[in-house]
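The values are calculated or read from the model by the stated rules, or taken from the named source; none is laboratory data. Not measured: the values here are computed from a predicted model. Glycine also receives a Cβ, built like all others from the backbone with ideal geometry; neighbour counts cover every protein chain displayed. For the accessible areas, the whole protein counts, side chains as well, though only heavy atoms, and no ligand, DNA or RNA atoms are used. Shrake-Rupley method; radii C 1.70, N 1.55, O 1.52, S 1.80 Å.
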Amino acid sequence: MVRRSRRWCGALAVAAIGRAIGTTTMRVAGAAIIGAAGAMLVCAASAPARAEVGAYLLFDMADGTVLAEYEATRPWYPASITKLMTAYVTFEAIREGRLAMTSPVRISPQASQQPPSKMGFAIGTVITVETALRIILTKSANDVSVALAEAVGGTQGGFVDRMNAAAAKLGMSTTSYDNPHGLPNAKQITSARDIAVLMMALAEDYPDRADFFDMGGVQLGKRLLRNHNGLIRRVKGADGMKTGFICASGFNLAATVTRGKTRLGAVVLGGLTVLERDQRTAELLEKGFQSLQNGGVVALDGFDDPDGGLAYAAVTGERPSLGTVEELAPRPEATVANRRDEVCGARRPITRYDDGTVSSLAELEAQRGAANDYRAEAARRARLRAERLAAPRDLPPLPTATAANEVMGEAAAGVVSEAPGDAASGAGSAPDAAAVGESLVLAADTPVRAYAGEALVPEGWARAAALVAPPPRPARDDAEATMMARADFAPDDWRTSPGRPWANPLRIAAFAVPLGDPPPERPLGYLGPSRAIVPIPISIGGADDTRPTPLSGTVVGGGRAPLPRTKPLVEPGAQPATQLATQAAREPIAALFTTTVDPDAVVRHAAEVRAEVGARVETPGGGS
């Protein structure tokens, strides 16, 4: 799907036609019309049938009542929404007492090799389970997701087994997992319906963990990690949950909003851009609360009409019963949606929100009125232009070349033709033959025609006299006029024929002012201004080794094993420099690079060496 919406193409063509109608220069008008036709041909070959989100589901978080849905059971790639299940399985392990929020999560070689989004922690870095959860639910870091999976499940495979078991227990009939983070994987599929089931399970089973999903961001030292879920900052009452993106899935979002005692959830899958995804999700939630008040039907503005930029689907009528989330039937025969070409193709996607939005219905109605007026004026000018070009023209008679030659011949022979002005002044000299001919057959602003040469003289063309400009038309026996070519195809510097003046039929007052470009058509927006956030501070380390340990203490995730904790390189109480020299004298140099050491001891040793060197520098006469 090429990134041209039909609304965009139509606006381009209307603007081109408007320029054609608003100009009196024929060549420019013709070029504008050709450009409009070309734009429509290009758009017809490349415009998408639908430039919209791929699936959505709006429901009540309390009982699962469906308020609106589209393709809610179609298989879809979840992307980083997978991390909702990662959090669910972790909460489950904590509740069972197999680990705690303060248990250590160590970055393994396998975890450090994950592609972005990632934190980039060094191998061996230790953080707590709580810190890991807060990072993956805001920053969506894939390396931390793998480390957490290894800490909870012993291996990635063991953790994925627990994810699939939890999905089966919850009734997520379309879902299967093959990794803990959601990176591209053909086996990793879900649906909007299954994501909604997981959202309700998180809210019902772990209500005390709600603060993990409504974080505006986290602060790690000087690094501020904002939550990728922008609705938390821009929608009133937004309190969760998770975003996701890979090329094949498009931009996904699972979100919840609480107002009063009502909490609604929305799942939007396959957005072409972040803005489109967020706007559509906010629109669903806003209209969902209106529907609960008046019982109206929830529909997205212009969802079925790519040209409906100014469409507004009011929440009216009577909403039909759509059942509950659990009652939505899966579609095992359906293929998994893939939006790679639309989202990550050669051209940037174009959506209805690219030109901005308006914040109120009054502004939307004002735009609609301006757009209707523009279209009406364009249509009126088009009709008037067609009428002017089709109307017969009352042209003066065309003098024959024979009459023009006779007059110019007499002037060349010296025949005096007294003019009224000359009679009063007594002028009686013979006028210049060229001047007489020009006064007869040439307009003041018409360039004099040059003689082309004998080889190019058309048949029937007669020379009036020596050194006299040739007549403007071939000599003909009859005086019947020959129609000229349409003025539409004449160049900018075209002048009317001296023998047959033809006025431009479009040079009238109605076309004096160009029509101009069409007015903007910006849709109604549902996102408010961004609010300031208060990030939650996190840090590296802080794990409590006395707490329950992960299920497996073995090396997990593959790759090179981390350095084991053995006897420190520097023994407590020994002088660092002398101890290092003693060990170097006792063991071969190669042994220093093969002996396994405690990484923490190496860090302490480096600090002690720096302190000792600094003390020597500060002491006068100290040795190096």
Strands (runs of 3 or more DSSP E) fully within segment 163-265 counting 3 or more residues that are not basic (Lys, Arg): 217-220, 238-246, 250-259
Within the set of pairs 6 or more residues apart or between chains, which connect a residue that is within 12 Å of VAL129 (Cβ to Cβ) inside segment 143-159 to a residue that is charged (D, E, K, R) and open to solvent by 10 Å² or more (accessible area, probe 1.4 Å) with Cβ atoms less than 7 Å apart? ALA147/ARG106
Can we say ARG209 is more than 16 Å from VAL534 (Cβ to Cβ), basic (Lys, Arg) and either surrounded by fewer than 24 Cβ atoms within 10 Å (Cβ to Cβ) or modelled with pLDDT under 95 (or both)? yes
Odd one out for GLY221 among (1) at pLDDT below 95; (2) within 30 Å of GLN110 (Cβ to Cβ); (3) open to solvent by less than 20 Å² (accessible area, probe 1.4 Å): (3)
Looking at (1) open to solvent by 10 Å² or more (accessible area, probe 1.4 Å); (2) at pLDDT 95 or above; (3) not basic (Lys, Arg), which is the one condition that is false for GLY124? (2)
Does at least one position in segment 258-275 carry a residue that is over 25 Å from ASN142 (Cβ atoms), charged (D, E, K, R) and in contact with a Gly (Cβ under 6 Å, 6 or more places away or on another chain)? yes
Of the conditions (1) part of a helix (DSSP H, G or I); (2) at pLDDT 95 or above; (3) open to solvent by 20 Å² or more (accessible area, probe 1.4 Å), ALA45 satisfies every one except a single condition; which number is it? (2)
Checked against (1) out of contact with any helix residue (DSSP H, G or I) (no Cβ under 9 Å at 6 or more places or on another chain); (2) open to solvent by 90 Å² or more (accessible area, probe 1.4 Å); (3) at pLDDT 65 or above, ARG495 satisfies every condition except (3)
Please go through segment 249-300 and pick out each residue that is in contact (Cβ under 8 Å) with a residue 40 or more places away in the chain, open to solvent by less than 20 Å² (accessible area, probe 1.4 Å) and among the β-branched types (Val, Ile, Thr). THR256, VAL267, VAL268, THR281, VAL298
Inside segment 223-246, the number of residues satisfying the requirement of being farther than 14 Å from VAL257 by Cβ, more than 20 Å from the chain's Cα centre (by Cα) and among the aliphatic types (A, V, I, L, M) is 2
Among ARG319, ARG331, ARG347, which is the only one that is more than 20 Å from SER191 (Cα to Cα), of a type outside the set (Phe, Trp, Tyr), modelled with pLDDT under 90 and not in a helix (DSSP H, G or I)? ARG347
In this structure, is ILE123 under 24 Å from GLY216 (Cβ atoms) and either touching a residue at least 60 places away in the same chain (Cβ under 8 Å) or among the hydrophobic types (A, V, I, L, M, F, W, C) (or both)? no
For the structure I just gave you, tell me whether PRO78 is in contact with a helix residue (DSSP H, G or I) (Cβ under 9 Å, 6 or more places away or on another chain) and modelled with pLDDT under 95. no
Would you be able to say whether some residue in segment 68-77 is surrounded by fewer than 19 Cβ atoms within 10 Å (Cβ to Cβ), touching a Leu at 6+ places or on another chain (Cβ under 9 Å) and part of a loop (DSSP other than H, G, I, E, B)? no
